[in-house]
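A.B. asks: Handing you this structure, nothing more for now.
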Amino acid sequence: MKKKILIALLIMGGFISTLSAEQSLIRISTDETDLVLSVAPDGRLYQRYLGRRLLYETDLAHFADYASTGAGGSDAAKAWEAYPGSGAEDYFEPALAVTHNDGNMTTILTCVSSETKKLNGNVAETIIRMKDKVYPIEVTLHFMAYAKENIIKTWSEIRHQEKKPVTVWRYASGMLYFENARYFLTEFSGDWAKEVHLSTQELQFGKKIMDTKLGSRAAMHTYPFFELGLDGIPRENEGDVLMGTLGWTGNFQFTFEVDNTGNLRVLSGINPYASAYELKPGEVFVTPEFIFTISACGTGKASRNMHDWAREYQLKDGKGDRLTLLNNWEATYFDFDEKKLEELMREAKSLGVDMFLLDDGWFANKYPRENDRAGLGDWEVNRSKLPNGIPHLVQSAQKAGVKFGIWIEPEMVNPKSELFEKHPEWVIRLPNRETYYFRNQLVLDLGNPAVQDYVFGVVDKIMTENPGIAYFKWDCNSPITNVYSPYLKEKQNQLYIDHVRGVYRVFERVKAKYPSLPMMLCSGGGARCDYEALKYFTEFWCSDNTDPIERLYIQWGYSHFFPVKSMAAHVTSWNKDASLKFRTDVAMMCKLGFDISLKEMDEKELAYCQGAVANYNRLKRVILDGDFYRLVSPYETNHTAVMSVCKEKNKAVLYAYDIHPRFGEKLLPVRLQGLDPAKTYKIEEINLLPGSASRMRFSGKTYSGDYLMKAGLNLFTANRISSRIIEITQQ
Ligand code: DGJ
């Protein structure tokens, strides 16, 4: 073995010494951003620059000069190791930490090779191979740069050839450094029904950690994304800002560490909490993708970068259409039968939506799913509620003229279920302590391949028996509780990671077999919303809180990272102080649905909703695929306004909401964005209540894009909880 290591070292040494000056610089670029790394003469890899794209290629040479000072030179503080291992001369949080077979805990990586491949006209992948000179451990760093969208995503692969497994206890997806005077972090936090509330703080010396230990319903309290103001508090339309997000549907961790020199290190990856990972020789540990964008024009532009990239490259069917729907959850909860559902299907048709979605409560017989205390796991139709089964419902939907979608929560089990009786060993729970229940349920042990087969089988069986099913809502209502995997036995430290990987294996199989099946990701509201899961889902459920006032804040929050196309928003009966028009106007901003019986509407309201659905269908491409602008923040004023502008800039939809204006408050005009200043646009208020005309003086008039973006429109009123939707059309 020693001989083998020696040979490997000699080969590696040869390779490094042959790296030319150009090879020693690695440039990862988008149209607006440059990330420059350099390989020092001793092979160590450093980040030299991250920021606005440099105009002149020749300037890059300055970074090579700089590299020659090496890590130990007087400029050492400015040469930040790109992926530092533990136990070297850097005394801050490492990207990688490994306990080797001999108990040694140091790892120092040197660069072996780097290559950049153009995958197409817009995407380039840079692969950097690194090795430790003493231990046979290899790390491959990947950087994928999307030029037009200004997105870089990075992840790493860790492997080794030691005799026995090594323990990997730090495994960052990526590490970034910033050298600024001050740093401001915006995080998104909350809980059930109060998702993604924004708060900003200045980072001071030391560490700020954003992480979760919830396992499956992982983002219930904090979300896997953040914003970093690099020249002040992140602002919407100006300033340098980094926006980053991790594609991991489990425990994640972002560490922001301001070091002794006042520089900021940002580490992103899986949360290593209780997860020191035993890696076998030859096995590859692939970290999740860390996706980031840097904008010199504030968070608005950075969000549009994310939206464009997500629709083009990441979101399932990102470029495709979306189905409007009527869901029965809030209309019936668990209390329904065929007759009620068939009525709702007809209501869906009369509203004009595409689909009826059957929610929780349709399954289980021995322990019928009458409430959330029983039946989860038994995916046989409940014969007393639905004696003719799902095929009959699919047919009824067809007869009513709508598609049919169905809810499942296949990763979970109620202890009161036949599944639990049959397979108690498939459940994550402690053998030697009292069991704790979250929503009366437990999490299945997805690290176990037999459980993966079972969960895949839930979808597969429903689809095989009912090929007419057009949509799935996949829920996940519990975090991992009673943390013990019967399958992993003495390797409990792998539970959190293997569990998420098991979930992905199932998602992968579902997508492979049903590639064009639209699916909603749901987690007791919005506790699952990350870009790895969204490879397999066309949209996610933002929150169980459908009070339209709260939704304005929640949708504002998510829109920072996700295109509205991926954000499901339903009209319900939460907050009856808000008119049905207001509730609909709020949901219209995203992927529209209804979760309300038409019986709750009077004639005028129904006619209003039908008109709104028709408008939505007519304007869908603008709303869902346009550029999204956040114009007025509900956090800063008593109103809010946003708009979607189609890529050709000939059509836009503008949304304005008065939340709780104060008496005599000064109402300011709203300057629009994203239009062509040279074009002339007609402004027209739509979504009006039947029989009423617009009271907006601008409605029906034409203006230049220049005027609309400089002088603006008086969109707001002094009325509480009132809204306006404006259609803007190039003349
Ligand atoms: C939580 C989801 O967020 C709701 O929309 C609904 O599907 C319930 N679960 C059903 O139990």
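The values are calculated or read from the model by the stated rules, or taken from the named source; none is laboratory data. It should be emphasised that the depicted structure is a prediction, and the values quoted were computed from it without experimental measurement. A quick note on method: Cβ atoms are made from the backbone with ideal geometry, for glycine too, and the neighbour counts reach across all protein chains shown.
A.B. asks: How many residues does region 680-720 contain that are surrounded by 15 or more Cβ atoms within 10 Å (Cβ to Cβ), on the phi < 0 side of the Ramachandran plot and under 35 Å from the mean Cα position of the chain (by Cα)?
C.D. replies: 13
A.B. asks: Is region 139-152 home to any residue that is outside any loop (DSSP other than H, G, I, E, B) and among the charged types (D, E, K, R)?
C.D. replies: No, the conditions are met nowhere in region 139-152.
A.B. asks: Restricting attention to region 315-339, which residues are away from the ligand (no atom under 16 Å from the Cβ) and either of a type in the set (S, T, N, Q) or in contact (Cβ under 8 Å) with a residue 60 or more places away in the chain (or both)?
C.D. replies: Passing the criteria: LEU315, LYS316, ASP317, GLY318, LYS319, GLY320, ASP321, ARG322, LEU323, THR324.
A.B. asks: With the requirement that a residue be part of a helix (DSSP H, G or I) and out of contact with any helix residue (DSSP H, G or I) (no Cβ under 6 Å at 6 or more places or on another chain), what does region 341-375 give you?
C.D. replies: Residues of region 341-375 that are part of a helix (DSSP H, G or I), as a first pass: 341-351.
Residues satisfying the conditions are LEU341, GLU343, LEU344, ALA348, SER350.
A.B. asks: For ARG433, state whether it is away from the ligand (no atom under 16 Å from the Cβ) and more than 17 Å from ASP359 (Cα to Cα).
C.D. replies: Judged against the criteria, ARG433 is a match.
A.B. asks: Mind listing whichever residues of region 48-66 are surrounded by 16 or more Cβ atoms within 10 Å (Cβ to Cβ), out of contact with any helix residue (DSSP H, G or I) (no Cβ under 9 Å at 6 or more places or on another chain), within 21 Å of ALA147 (Cβ to Cβ) and modelled with pLDDT under 95?
C.D. replies: Selection gives LEU60, PHE63.
A.B. asks: Within region 703-712, identify whether any single residue is of a type outside the set (Ser, Thr, Tyr) and within 24 Å of HIS570 (Cα to Cα), and answer yes or no. Step through it out loud before you land on a result.
C.D. replies: As a first pass, look at region 703-712 and keep what is of a type outside the set (Ser, Thr, Tyr): 705-706, 708-712.
Applying the additional criterion that residues be within 24 Å of HIS570 (Cα to Cα) yields none.
Checked against the condition, which is being of a type outside the set (Ser, Thr, Tyr) and within 24 Å of HIS570 (Cα to Cα), region 703-712 yields no hits at all.
A.B. asks: Here's a follow-up. Among the residues of region 340-398, count how many are closer than 23 Å to THR464 by Cα, within 16 Å of the ligand (Cβ to nearest atom) and hydrophobic (A, V, I, L, M, F, W, C).
C.D. replies: 10
A.B. asks: Looking only at region 280-302, decide whether some residue is assigned to a helix (DSSP H, G or I) and of a type in the set (D, E, K, R).
C.D. replies: Of region 280-302, the ones assigned to a helix (DSSP H, G or I) are 298-302.
Those left that are additionally of a type in the set (D, E, K, R): 301.
Checked region 280-302: at least one residue is assigned to a helix (DSSP H, G or I) and of a type in the set (D, E, K, R).
A.B. asks: Is it true that some residue in region 486-494 is assigned to a loop (DSSP other than H, G, I, E, B) and within 16 Å of the ligand (Cβ to nearest atom)?
C.D. replies: No, region 486-494 has no match at all.
A.B. asks: I need the full set of residues from region 514-556 which are assigned to a helix (DSSP H, G or I), within 14 Å of the ligand (Cβ to nearest atom) and β-branched (Val, Ile, Thr), in order please.
C.D. replies: Listed by number, the list holds a single entry, ILE554.
A.B. asks: With the structure loaded, tell me whether ALA397 is closer than 25 Å to ASP354 by Cα and surrounded by 15 or more Cβ atoms within 10 Å (Cβ to Cβ) or whether it fails that test.
C.D. replies: yes
A.B. asks: PHE420 - would you say it is within 30 Å of GLY626 (Cα to Cα), in the same structural domain as ASN466 (by TED's automatic domain parsing) and either surrounded by 22 or more Cβ atoms within 10 Å (Cβ to Cβ) or touching a residue at least 40 places away in the same chain (Cβ under 8 Å) (or both)?
C.D. replies: Considered against the rule, which asks whether it is within 30 Å of GLY626 (Cα to Cα), in the same structural domain as ASN466 (by TED's automatic domain parsing) and either surrounded by 22 or more Cβ atoms within 10 Å (Cβ to Cβ) or touching a residue at least 40 places away in the same chain (Cβ under 8 Å) (or both), PHE420 comes out as no.
A.B. asks: Let me ask something else about it. Tally time: how many residues in region 399-420 are within 13 Å of the ligand (Cβ to nearest atom) and small (Gly, Ala, Ser)?
C.D. replies: Residues in region 399-420 being within 13 Å of the ligand (Cβ to nearest atom) and small (Gly, Ala, Ser): 1 in total.
A.B. asks: Kindly indicate whether HIS570 is within 14 Å of the ligand (Cβ to nearest atom) and assigned by TED's automatic domain parsing to the domain that holds ILE462.
C.D. replies: Criteria met by HIS570.
A.B. asks: Exactly one of these conditions fails for ILE152: (1) crowded, with 24+ Cβ neighbours inside 10 Å; (2) within 17 Å of the chain's Cα centre (by Cα); (3) under 19 Å from GLY557 (Cβ atoms). Give me its number.
C.D. replies: Exception for ILE152: condition (3).
A.B. asks: Any chance you could count how many residues in region 350-376 are closer than 12 Å to PHE404 by Cβ and of a type in the set (D, E, K, R)?
C.D. replies: Qualifying residue count, region 350-376: 1.
A.B. asks: Right, something else. Going by the structure shown, is LEU446 buried (at least 20 other Cβ atoms within 10 Å of the Cβ) and either of a type outside the set (Val, Ile, Thr) or within 16 Å of the ligand (Cβ to nearest atom) (or both)?
C.D. replies: It is true that LEU446 is buried (at least 20 other Cβ atoms within 10 Å of the Cβ) and either of a type outside the set (Val, Ile, Thr) or within 16 Å of the ligand (Cβ to nearest atom) (or both).
A.B. asks: Keeping to region 460-485, report how many residues are away from the ligand (no atom under 16 Å from the Cβ) and in a loop (DSSP other than H, G, I, E, B).
C.D. replies: 9
A.B. asks: Right, another one. Go through region 168-269 and tell me which strands (runs of 3 or more DSSP E), entirely inside it, have 3 or more residues that are touching a Lys or Arg at 6+ places or on another chain (Cβ under 8 Å) and buried (at least 17 other Cβ atoms within 10 Å of the Cβ).
C.D. replies: In region 168-269, the matching strands (runs of 3 or more DSSP E) lie at 252-258.
A.B. asks: While we're here: Which ones in region 463-492 are within 27 Å of the chain's Cα centre (by Cα) and within 21 Å of MET355 (Cα to Cα)?
C.D. replies: Selection gives MET463, ILE469, ALA470, TYR471, PHE472, LYS473, TRP474, ASP475.
A.B. asks: Mind listing whichever residues of region 543-585 are in contact with a helix residue (DSSP H, G or I) (Cβ under 9 Å, 6 or more places away or on another chain), in contact (Cβ under 8 Å) with a residue 60 or more places away in the chain and β-branched (Val, Ile, Thr)?
C.D. replies: THR546, ILE549, VAL564, THR572, THR584
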